[in-house]
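What follows is calculated from the coordinates using simple rules that are stated; it is not laboratory data. All figures in this text were calculated on a predicted structure; none of them were measured in a lab. All Cβ positions, glycine included, derive from the backbone under ideal geometry; neighbour counts span all protein chains shown.
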Amino acid sequence: MDQPSERPTIKQRKSVKFSDDTECPTAVKSRLCESFEMYLKYHHEKSENTNQASKQLGLSNGEEEEDPFPMFRRVEKTGVIFATAMAKERGFHPEDPTWANMGQGAPECEALPDAPPRDYKMDISFEEMEYAPTTGITALRDKVATYYNHLYRQGKQSQYKAENVCIVPGGRAGITRIMAVLGETQVGFFNPDYTAYEQALGLFMRLTPSVYVHKDVNEAFMDPDEFEFQTVGRGVGTVLLSNPCNPTGQSIEGDNLEKYVDIARRHNVAMIMDEFYSHYYYDSDAVAPADGGADDDTNWPKTVSSSKYIDDVNKDPILIVNGLTKNWRCPGLRLCWVVAPAPIVELLGAAGSFLDGGANAPSQHLALPLMDLEFIRRDTWALQRHFKLKRDYFLKELEELGIMVVNKPNATFYVWADLSNLPAPLNDSLLFLSECTRHKIICVPGVFFDVNPRGIRHIKKSMCNQNVRFSYGPPMQNLVVGIKNLKEIINKFKINPMRASVYVKTMTGNSLHDSREGALRQTFCAPSTDTSHLVDDE
Ligand SMILES: Cc1ncc(COP(=O)(O)O)c(C=O)c1O
């Protein structure tokens, strides 16, 4: 359950260092950003007009190429797909044990030690072949309401009911439904945050995306007073955020979370709280049953939800998005929910009838035992013990490698690392990825979390250019391989550090790519791969 925690003080961010250990002068710094400029061109300008951007990139000979499908727009790849596509070009296969996929945004789905058994067998009745309601079957909605009431709202007068729950076919479907029912409003979002918010916020023209910027992307936390000042001052009507945060693994909880909810209530600002990782916490004093703690309803592992601080479930403008994808480790089921005031749930149901038609009925029945409280308690204990081991291993190894993690993540299964202490060119997240994929590692460069819906933000240089997200979602053996390969890369560049442009020329060769831009593009744009089969786990 929620426990207030002391936030660590802001630690000093180190300035960019090079191999000779001198401070980075501006001229050299700008060279570091060359790969980022390419990223911008590829993802922003090219999205507007493929032919024009190709010319800018020096990829076309200037003659007008015929667009076979002019009625379609270009849809950008999300971060994981981009990184995986590059890895694929370099021989990645998901079943190959010599690769470490630390870009993966999905938890391992196999049975965990001490976890209660799961029965995934299905026996489908004829009735389940009918359409299910677009808000979900009542039995599942009931169970979701009970889950929130039991964990976070005991003793409170206002309790959730089935009418407060909308079952949706996946978290992104839930977020899209919410975006579809919002009126003309400024929607605040944080940077960095979950990559898919870029598209979710960009799609609906009624919405005006409005960014909240952290002073230090390594300590991505905004004090509630600052949040209130920004929200009210700018007239933000809705805020979307992941808590705990993908990619930083940091969380707003305790008093701070209570204040956020209070601000939403007092100023009537809708808060869309994406609590997809609410079971992945590692900093509680509670003792797991497997370590001698009580094995009954008195002993729950720490989990966090804003629902704890809501006064009236039908009046407070808080929408919670969560589901089986991460916390229950069932990304393939595509079963999630939005918990909200009943009138908003009605709107979400209406949106479901034209957007996605609702979650499939047989899987909703399959999910019912997964929502039993006793199952959830035991399963979450097992999950936290298992993932804490992986987190601790990974953090210790990164420290030994000299990769900074300024704020130790207490939640999710992500590590938001800062590369600025590494020898060049590894201190540039895009070239870091390029080198990683050459050594059979996948990770996601920080720039993908620098959310920029519709390209409305004028970004010359991303504040996340020196950050990278590693995932410890995959099994331990995968992480061990990844650390071994990372060591090789870092040792190589410790001996022979090089400027970004030299790196690119060395890797691509000059004969085919006489333009620098072409060479950079070749290095990290992974342009030709068919990505349609890649696993979409952000
Ligand atoms: C913060 C966050 N919210 C929502 C989702 C969406 O999950 P789903 O796969 O159910 O659409 C993800 C998936 O990575 C996530 O990281």
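Some notes on this structure:
- Applying a DSSP loop filter and a limit of 13 other Cβ atoms within 10 Å to the trypsin sites (Lys or Arg not before Pro) in the stretch 167-232 leaves ARG206, LYS215.
- Relative contact order (%) - criterion: Cα under 8 Å, at least six apart; region: the stretch 184-270: 36
- Shape class for the stretch 81-147: prolate, because the ratio a/c of the largest to smallest gyration tensor axis (alpha-carbon atoms, square roots of eigenvalues) is 1.5 or more and a/b beats b/c.
- Within the stretch 253-317, GluC sites (Glu not before Pro) in DSSP loop having at most 10 other beta-carbon neighbours inside 10 Å: none
- One Cα centroid belongs to the stretch 474-495, the other to the stretch 64-121; the line between them spans 20 Å.
- Net dipole in debye of the stretch 139-379 [+1 Lys, Arg Cβ; -1 Asp, Glu Cβ; about Cα centre; nearest 20]: 800
- Translational D in µm²/s for the stretch 139-379 (Stokes-Einstein at 20 °C, 1.002 mPa s, Kirkwood Rh from C-alpha pairs): 117
- The stretch 134-154 and the stretch 337-385: distance between their alpha carbon centers, rounded to Å: 8
- Overall form of the stretch 253-342 per C-alpha gyration tensor (a/c, 1.5; a/b vs b/c): oblate
- Kirkwood-Stokes translational diffusion coefficient of the stretch 199-286, alpha-carbon pairs, 25 °C, 0.890 mPa s, µm²/s: 172
- Those residues of the stretch 83-122 whose amide nitrogen sits under 17 Å from the label point placed on ASP295, 7 Å along Cα→Cβ: 112-118
- Rounded if a/c under 1.5, otherwise prolate or oblate - the stretch 122-194, Cα gyration tensor axes: oblate
- Out of every Cα-Cα pair that the stretch 397-485 contains, those further apart than 20 angstrom amount to 35 percent.
- Dipole of the stretch 139-379, positive end: most advanced residue of GLY254, VAL287, ALA361 [Cβ charges, Cα centre]: ALA361
- For the stretch 354-448, the equivalent ellipsoid built from the Cα gyration tensor has semi-axes of 36, 21, 11 Å, listed from largest to smallest.
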